[in-house]
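Undergrad: Input: one structure, supplied below.
The values are calculated or read from the model by the stated rules, or taken from the named source; none is laboratory data. Given the structure is predicted, the values throughout are model-derived calculations rather than measurements. Backbone-built Cβ (ideal geometry, glycine too); neighbour counts: all protein chains shown.
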Amino acid sequence: MLTKRIIPCLDVKDGRVVKGTRFADLRDAGDPVELATRYDRDGADELVFLDITASAEKRRTVVELAARVADVLFIPFTVGGGIGSADLAGEILRVGADKVAVNSAAVRDPAIIGEIARRYGSQATVLSIDARHVADHWEVVIDGGRMPTGRDAVAWATDGVARGAGEILLNSIDRDGTKLGFDLAFTDAVARAVAVPVIASGGAASAADFVDLFARTQADAGLAASIFHYGELTVGSVKDALMAAGIPVRPRERAFA
Amino acid sequence: MIAIVDYGVGNLASVRKALAAVGARAELVREPTALRAATAIVLPGVGNFGHCSREFHRMGFAPELRGARGRGVPILGICVGMQLLFEGSEEDRGEPGLAFYRGSVVKLSGAPRVPQIGWNAIHKTGEHPWLRDVRDGDHFYFVHSYAAETSDDVTLGTVEYGGERLAIVGSDGLLGVQFHPEKSGANGLRLLRAFATADAGVVASVSH
């Protein structure tokens, strides 16, 4: 049976992991490759790196990061954060990343989704959506949650899949950093609307939040950042709780020796 | 030297790096005749079958792969590279595979989500030297919308996804896996190590 995936996310700036809440109050949390290796040992099914470097050096640092990770990690990983062109996506994929996530750039120019999918395949193309609950729906916000777009997130997910996105990564801005648990209604609305896998994020604080996510929505994966970084929660303990709840997860592997 | 067939598709750096991690020296090969010097060959592939098949044939790799198969050079097909071992695919009916095995590749149906993306357990149904460290129930990382079907007696493993799908096929000197061993953690590295030690490409005993 296909297992539900647990995905630690690392926000990276100038080659270092940073984490406060997602978009503000950045604190240094270490070397991305070291942390990634630790997550791998702990049973992470996949990793997401969001490069939030905004300098002219970004192009170099983000490709370098992907190459360094691919040298030592043999599980799938996605790179996102300000990816604005199919060319840059290609560079990241060529050095060993499996997927590239586009977010704000895709809202500004949706053609980039189709361009990456056409060149590198839908399996390598992730549409990342930040959204906030407004009135009776979820509105897409961009630029790190600052800029509302007026666009409906469920419709945007559907449109993105039609354009070639092979996976949807959701982030609830309302829940992000709140530790109130995943936004189940938002996640399920999107997961029911699209036929590609959906990754939920924003708000997870406990193993029980992951159990709720998979017991009550059709999400395929759950992502979290700071709770894993600061050791408040381990991937292993999340998986133990999921297994106890009868939710299929990848068991700990026999060590490579 | 292990040759990774580079016909312009897929994440070849990952395959090379994973082979390096098990102590094997592998090179990307863009010149088909260079496969004559290979002690083992990895045939990767990702994305669309028709695109892969067109590029693979256009660059002239098909006769060299057949030659290598004839000489008994170990060959490992991964993902669409595994699908290329068959006669063709309904993803692009006009494009032929290598036809090492009878059968063709069909769209996943009956599953809630296509593509299948993620870790799934294989059911091991047969033995092969390169599967010596793979156990029934081991999890591997899958990314695919199509799966092969065969009437040949070459099925070595299956995976449950909206039905029982072909996950591993093989025979003497040849193995095809629908999953990505280079992205399947320790389970994948064990498989790659067994494949790599089938030739002289392993430079040292491996320990991690």
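This table checks each residue for (1) without any contact (Cβ under 8 Å) to a residue 24 or more places away in the chain; (2) surrounded by fewer than 24 Cβ atoms within 10 Å (Cβ to Cβ); (3) within 28 Å of A:Gly43 (Cβ to Cβ).
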position: B:Ala62; (1), (2), (3): no, yes, no
position: B:Leu65; (1), (2), (3): no, yes, no
position: B:Ala99; (1), (2), (3): yes, yes, no
position: B:Leu108; (1), (2), (3): no, yes, yes
position: B:Val114; (1), (2), (3): no, yes, yes
position: B:Thr158; (1), (2), (3): no, yes, yes
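Undergrad: Here are the criteria: (1) among the basic types (Lys, Arg); (2) crowded, with 23+ Cβ neighbours inside 10 Å; (3) more than 13 Å from every other protein chain (Cβ to nearest Cβ). Tell me which single one A:Lys179 does not satisfy.
TA: Result: A:Lys179 fails condition (2) only.
Undergrad: B:Pro74: touching a Leu at 6+ places or on another chain (Cβ under 9 Å) and either of a type in the set (Phe, Trp, Tyr) or within 30 Å of A:Val198 (Cβ to Cβ) (or both), yes or no?
TA: No; evaluated as a whole, the condition is false for this residue.
Undergrad: Which of the following residues is touching a helix residue (DSSP H, G or I) at 6+ places or on another chain (Cβ under 6 Å), closer than 19 Å to B:Gly10 by Cβ and modelled with pLDDT of 95 or more: A:Val126, A:Val95, A:Val100?
TA: From the options A:Val126, A:Val95, A:Val100, the qualifying one is A:Val100.
Undergrad: Kindly provide the set of residues from the stretch B:162-185 that are within 11 Å of chain A (Cβ to nearest Cβ) and either out of contact with any strand residue (DSSP E or B) (no Cβ under 6 Å at 6 or more places or on another chain) or hydroxyl-bearing (Ser, Thr, Tyr) (or both), ordered by number.
TA: Matches in the stretch B:162-185: B:Gly162, B:Pro181, B:Glu182, B:Ser184, B:Gly185.
Undergrad: Moving to a separate point now. Which condition number in (1) over 19 Å from A:Met1 (Cβ atoms); (2) more than 13 Å from chain B (Cβ to nearest Cβ); (3) touching a Gly at 6+ places or on another chain (Cβ under 9 Å); (4) not hydroxyl-bearing (Ser, Thr, Tyr) is the one that A:Val194 fails?
TA: A:Val194 satisfies all of (1) over 19 Å from A:Met1 (Cβ atoms); (2) more than 13 Å from chain B (Cβ to nearest Cβ); (3) touching a Gly at 6+ places or on another chain (Cβ under 9 Å); (4) not hydroxyl-bearing (Ser, Thr, Tyr) except (2).
Undergrad: Need the failing condition index for A:Ala105 against (1) within 22 Å of A:Val140 (Cα to Cα); (2) in contact (Cβ under 8 Å) with a residue 24 or more places away in the chain, just the number.
TA: Status for A:Ala105: all satisfied but (2).
Undergrad: So which residues in the stretch A:61-103 are over 17 Å from B:Glu182 (Cβ atoms), within 14 Å of another protein chain (Cβ to nearest Cβ) and touching a Lys or Arg at 6+ places or on another chain (Cβ under 7 Å)?
TA: Of everything in the stretch A:61-103, just one residue is over 17 Å from B:Glu182 (Cβ atoms), within 14 Å of another protein chain (Cβ to nearest Cβ) and touching a Lys or Arg at 6+ places or on another chain (Cβ under 7 Å), namely A:Gly90.
Undergrad: I would also like to ask the following. Checking A:Ala106 against (1) surrounded by 23 or more Cβ atoms within 10 Å (Cβ to Cβ); (2) within 14 Å of chain B (Cβ to nearest Cβ); (3) of a type outside the set (Lys, Arg), only one condition comes out false. Which one?
TA: It is condition (2) that A:Ala106 fails.
Undergrad: Follow-up question, since we're still on this one. Please go through the stretch A:34-60 and pick out each residue that is assigned to a helix (DSSP H, G or I), away from chain B (no Cβ under 11 Å) and within 24 Å of A:Lys4 (Cα to Cα). Don't jump to the end; show me each part of the working.
TA: Taking the stretch A:34-60 first, the residues assigned to a helix (DSSP H, G or I) are A:34-41, A:58-60.
Filter again for away from chain B (no Cβ under 11 Å), leaving A:34-39, A:58-60.
Within the stretch A:34-60, A:Leu35, A:Ala36, A:Thr37, A:Arg38, A:Tyr39 qualify.
Undergrad: While we're looking at this one, here's another question. In this structure, is A:Ala155 surrounded by fewer than 24 Cβ atoms within 10 Å (Cβ to Cβ), without any contact (Cβ under 8 Å) to a residue 60 or more places away in the chain and more than 14 Å from chain B (Cβ to nearest Cβ)? Break it down into steps so the answer makes sense when it comes.
TA: Working: surrounded by fewer than 24 Cβ atoms within 10 Å (Cβ to Cβ): yes; without any contact (Cβ under 8 Å) to a residue 60 or more places away in the chain: yes; more than 14 Å from chain B (Cβ to nearest Cβ): yes.
So A:Ala155 fits the description; yes.
Undergrad: Still on this structure: Could you go through the stretch B:69-83 and let me know if any residue there is part of a loop (DSSP other than H, G, I, E, B), away from every other protein chain (no Cβ under 14 Å) and under 30 Å from A:Ile168 (Cβ atoms).
TA: no
Undergrad: Restricting attention to the stretch B:112-161, report how many residues are part of a loop (DSSP other than H, G, I, E, B), among the hydrophobic types (A, V, I, L, M, F, W, C) and within 13 Å of chain A (Cβ to nearest Cβ). Working first, answer last.
TA: Quick first cut of the stretch B:112-161, residues part of a loop (DSSP other than H, G, I, E, B) only: B:112-115, B:125-128, B:132-138, B:145, B:150-154, B:161.
Now narrow it down to the ones that are among the hydrophobic types (A, V, I, L, M, F, W, C): B:114, B:134, B:154.
Retained after the next criterion (residues that are within 13 Å of chain A (Cβ to nearest Cβ)): B:114, B:134.
Of the residues in that region, 2 qualify.
Undergrad: Same structure, new question: Which of the residues spanning the stretch B:9-50 are in a helix (DSSP H, G or I), out of contact with any Ser or Thr (no Cβ under 6 Å at 6 or more places or on another chain) and among the hydrophobic types (A, V, I, L, M, F, W, C)?
TA: Result: B:Leu12, B:Ala13, B:Val15, B:Ala18, B:Leu19, B:Ala20, B:Ala21, B:Ala34, B:Leu35, B:Ala37.
Undergrad: Let me ask something else. Consider B:Arg93 carefully, then state whether it is basic (Lys, Arg), surrounded by fewer than 17 Cβ atoms within 10 Å (Cβ to Cβ) and assigned to a helix (DSSP H, G or I).
TA: Details: basic (Lys, Arg): yes; surrounded by fewer than 17 Cβ atoms within 10 Å (Cβ to Cβ): yes; assigned to a helix (DSSP H, G or I): no.
So B:Arg93 does not fit the description; no.
Undergrad: Let me ask something additional. Looking at (1) surrounded by fewer than 16 Cβ atoms within 10 Å (Cβ to Cβ); (2) touching a helix residue (DSSP H, G or I) at 6+ places or on another chain (Cβ under 9 Å); (3) in contact (Cβ under 8 Å) with a residue 12 or more places away in the chain, find the lone condition where B:Gly188 falls short.
TA: Every condition holds for B:Gly188 apart from (1).
Undergrad: Does A:Thr234 qualify as being within 30 Å of B:Arg193 (Cβ to Cβ) and of a type in the set (Ser, Thr, Tyr)?
TA: Taking the combined requirement at face value, the residue satisfies it.
Undergrad: Still on this structure, I have one more. Select from the stretch A:228-257 the residues that are in a helix (DSSP H, G or I) and without any contact (Cβ under 8 Å) to a residue 40 or more places away in the chain and write down the one among them that is nearest to the other protein chains (Cβ to nearest Cβ). Explain how you work it out, then say what you get.
TA: Within the stretch A:228-257, the first condition is being in a helix (DSSP H, G or I), and the residues that meet it are A:228-229, A:235-244.
Filter again for without any contact (Cβ under 8 Å) to a residue 40 or more places away in the chain, leaving A:237, A:240-241, A:243-244.
Values: A:Ser237: 18, A:Asp240: 16, A:Ala241: 18, A:Met243: 13, A:Ala244: 18 Å.
So the residue we want is A:Met243.
Undergrad: Looking only at the stretch B:32-68, count how many residues are under 15 Å from B:Leu98 (Cβ atoms), out of contact with any helix residue (DSSP H, G or I) (no Cβ under 9 Å at 6 or more places or on another chain) and away from chain A (no Cβ under 14 Å).
TA: Of the residues in that region, 4 qualify.
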